[in-house]
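Working notes, beginning with the structure itself.
Taken together, the values in this text are just the output of simple stated rules run on the coordinates, not laboratory data. In this text the structure is predicted, and so the values were computed from the model without any measurement. With ideal geometry, Cβ positions are generated from the backbone for all residues, glycine too; neighbour counts draw on all protein chains shown.
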Amino acid sequence: MLDDVRLSRTKVTASFGATYASIYDALYWDKNYAAEVRFVLDQLRTVLPRAPRHILDLGCGTGLHAIQMAQQGISVTGIDHSANMVAVAKKHKKAQPHDARQRLHFEIGDIRSLYLHHQYDAVISLFHVISYLIENNDLRTTIQTARRHLISGGALLFDFWYGPAVLRDPPQPRVKEIQIGDGYVRRRASPELDHKRHRVYVNYDIEIKNATSGEIVREQEQHVVRYFFPDEVEDYLVASGFEVVRVGEMLTRRPPSDSTFSVYALAKVK
């Protein structure tokens with residue numbers, strides 16, 4: 001994808017813009033999507049009467065969770081507000097075998113107001129998409145979106161930034177650099193904590209060197225992320241007609257811990 005990048009001056013773009021989408025998978029090359037999908041499916045099977053066959057993925061990003069599921073015979077509809085991320089997901093879909101392609105559907109949409117006129121066995125939202133819902137009403141309407149797309153007895157699973165962990169060990173400035181041939185992707189993260197609003201403003205400075213042309217692209221994005229506490233998440237779920245099954249650490253069966261940002265909630269339709 002780096003060969004498609006053209007020289008530009010440093011500019012500020014909306015989150016998940018074209019440049020960020022083009023480097024997203026490179027930045028997260030070490031993310032264990034397979035392990036996360038195994039965990040999610042295991043959790044869903046504890047509350048569903050049978051293994052899920054149809055899943056709605058809210059905030060699907062570049063589609064790598066959905067693809068893992070499609071390879072296991074599950075039909076997945078992925079929705080994301082970023083046209084750039086959906087475009088990457090559709091490219092990934094094209095590279096899949098025919099059977100998996102037939103099970104994958106990626107579309108641009110607003111997860112707060114989406115209505116697909118279809119119901120699913122389960123709704124998921126992974127990699128802290130829920131934490132990008134920084135207003136109370138955004139969280140409320142997204143949970144309601146999940147509810148109206150679920151069959152009777154259906155399940156919802158999502159992860160989020162866990163407040164106690166954020167407060168105990170606030171995000172620190174970080175630099176992540178990925179070498180790609182003779183080129184590189186470098187992302188500097190400068191977080192700012194807003195205790196009053198339970199938000200973290202993550203300011204990204206992105207630099208990309210194109211190995212073919214030697215050109216360098218520089219862009220800036222700000223990602224605003226909200227951290228949540230279990231009681232508030234559970235209140236929104238119950239108010240929307242869900243029964244909370246469990247809240248715990250992502251990828252483990254342990255209760256939430258202030259040593260990890262990533263916590264999940266599992267709920268089922270009452």
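Could you work out the local net charge near Leu251, counting Lys and Arg as +1, Asp and Glu as -1, over the other residues with Cβ closer than 10 Å to its Cβ? Net local charge, Leu251 excluded: 0. Per residue, the chain reaches -8000 deg cm²/dmol at 222 nm when only DSSP H runs of four or more residues are counted, each adding -39500 (n - 2.57). Charges were assigned to the Cβ only: +1 to each Lys and Arg, -1 to each Asp and Glu. The resulting dipole of the chain about its Cα centre is roughly 420 debye. A simple count of charges around Gly241, restricted to other residues whose Cβ falls under 14 Å of its Cβ and scoring Lys, Arg +1 and Asp, Glu -1, yields +2. Other residues lying with their Cβ under 14 Å from the Cβ of Met85 contribute a combined charge of -3, Lys and Arg counting +1, Asp and Glu -1. Annotation for the stretch 23-74: trypsin sites (Lys or Arg not before Pro) lying in DSSP loop with at most 14 further Cβ atoms inside 10 Å of their Cβ are Lys31, Arg50, Arg53. Within the same chain, aspartates and glutamates fewer than 8 places from Lys94 are excluded, and of the rest, those with a Cα less than 20 Å from its Cα are Asp3, Asp4, Asp25, Asp57, Asp80, Glu107. P(r) tail, the chain: Cα-Cα pairs separated by more than 29 Å, 32% of all pairs.
Taking His54, His118, His149 in turn, the Gaussian network model of the chain (Cα-Cα springs below 10 Å) assigns the largest fluctuation to His118. Among Asp169, Asp138, the ranking by other beta carbons within 10 Å of each residue's beta carbon, starting with the fewest, stands as Asp169, Asp138.
When peptides 127-133, 171-177, 60-66, 206-212 are sorted by average Cβ neighbour count within 10 Å, with the highest value leading, the order is 60-66, 127-133, 206-212, 171-177. Distance from the C-alpha centroid of the stretch 212-251 to that of the stretch 83-114: 20 Å, rounded to the whole angstrom.
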